[in-house]
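Participant: Attaching a single structure in structure tokens format; questions to follow.
Values in this text are rule-based calculations from the coordinates and carry no lab data. Bear in mind that the values here come from a model prediction, so they are computed numbers and not experimental data. Glycine also receives a Cβ, built like all others from the backbone with ideal geometry; neighbour counts cover every protein chain displayed.
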Amino acid sequence: MGPITLFDKSFLQSLKVDESVWFDNFFYSAICPIFYVETLADLKKPKLRRPPEQEVGIIADKFPERHCAPMVHHQEMVIGDLLGNHVPLTGQIPRDPSRFVQSDRHKGVIFEGAPEEEAFLRWQSREFHDLEREFASTWRANLESLDLKRIPDEFRKLEISGRNCKTLQEAKSIADTLVSGTDKTLEMLEFAFFVLGIPQEGRNSIMGRWLASKFLPLSSFAPYAAHFLTVEVFFQISLEASRISSDRPSNRLDIAYLYYLPFCQVLVSSDKLHRRCAPLFLKENQIFIWGPELKSALSVLDQHYSALPESEKEKGVMHFAPYPPTEIESIVSQAWDRHLPRWREYAKQPSIELDSNPETVKKVRQLIDAPSLQPNAADLDPENLDFMSIRRNVHQKKGKWWQLPHDLEDNDEKR
């Protein structure tokens, strides 16, 4: 499945459909909610080369289908973190389970298709709901009316200035010191309340928890909230210092992708702001890949696999390309070497055939169709489940490539 990867709209737009198949095949995409909103906003974007519906549909055609998971919105995660429902920052993708189920004594979780995934499927057919069009209009209007030259009054309460800040690295250092320190934790919490629009009841609960913690610094009190605020403070300082332009309202949207960095191993983007800022926030176990470089590597892979005989291609890319080709060195194989270091060893082993025994399939379906459990069931331990099921809608063929076997008969499994 490949390294967990966060990508932005500019990168996916740059790909051809055939190249997007290989991105989906060799990288596990953590889908950022900002990507969904940004794509949807194109429905009301002026001066597009094509009709808006066609433009959005073209992006949807390249959307990852097989190896992807939509993430929970950062606002929900930050507020939950401040309230004590901490988000693991160990690299896994935060997503909401559709339902918990029980079959006999076996308990598990089912991840159905998320609304974002269903939307992109519809957009591939150029189908758009009225509500989505209204949302697109509102989002586009808000983006165009945003004045980044006006630093929020709440930020001024922190009593810091970026006017003498000469580099982005310096802005990041100031933000780190401010968020991880103990001098202005209260002011930082109030700034978070303002930015996130937390109602008074929620603010009281968070403040009560912080007081009970004996005034822990944010990095200990709510680690993900601390990351979010570090990005936000860095952005505000950089704006004031003119290290980031305040003439482009879209910079606010672009910087928001960095809120989701703790949940990926790779960030790939063709956005210059990401290229300048993201490396400042990456940990030692994370890498940034410049979009044009990955696009070039995917094009080479597309040409490589195009030389296979048709009989092999019809088995589906999942069959003949479970790993990158070991004979081609590229940014793709380098990413696998970095994050899946034993893949070359596994690539030499015979492929494992899926168990299609009718009895096995029947047991799996029984688990999937089992009665639902309430998340607060007394004997339900979400950290210790017996199984997990992820349902996906996958096109049997995408571009020129069979993603699933050509002779697959079960239509329910084709898409």
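Participant: In what sequence, highest mean first, do 18-31, 163-176, 200-213, 265-278 appear when ranked by Cβ atoms within 10 angstrom?
Facilitator: Answer by packing, highest mean first, reads 18-31, 265-278, 163-176, 200-213.
Participant: Could you give the length gained by full extension between Glu329 and Glu284, i.e. 0.36 nm per residue of separation minus their alpha carbon distance, to one decimal place?
Facilitator: 14.0 nm
Participant: Quick one: length gained pulling Glu359 to Arg126 fully straight, 0.36 nm per residue minus the C-alpha distance?
Facilitator: 79.9 nm
Participant: Take the stretch 266-345, compute every pairwise Cα distance, and split them into 5 Å bins from 0; I just need the percent in each bin.
Facilitator: Histogramming the stretch 266-345 at 5 Å steps yields 3, 13, 21, 19, 19, 12, 8, 4, 2, 0 percent.
Participant: Counting only residues 5 or more places away or on other chains, whose amide H sits under 5 Å from the amide H of Ile289 once H atoms are built in the peptide plane?
Facilitator: The answer is Leu267, Val268, Ser269.
Participant: List the residues whose amide H sits under 5 Å from the amide H of Ala222, counting only those 5 or more places along or on another chain, with H placed 1.01 Å from N in the peptide plane.
Facilitator: none
Participant: Obtain the nm distance between the two label points defined at Ile368 and Lys214 by a simple spin-label model: each point lies 7 Å from its Cα along the Cα-to-C-beta direction.
Facilitator: 5.2
Participant: Further, regarding this structure: Taking R0 as 22 Å, what's the FRET efficiency between Ser161 and Glu187 from their Cβ-Cβ distance, rounded to 0.05?
Facilitator: 0.90
Participant: Which entries of Lys62/Lys107; Lys9/Lys348; Lys9/Lys107; Lys9/Lys400 show an alpha-carbon separation above 29 angstrom in the structure shown?
Facilitator: With Cα atoms farther than 29 Å apart: Lys62/Lys107; Lys9/Lys348; Lys9/Lys107.
Participant: Set the Förster distance to 30 Å, then compute FRET efficiency between His319 and Arg342 from the Cβ-Cβ distance, nearest 0.05.
Facilitator: E between His319 and Arg342, to the nearest 0.05, is 0.90.
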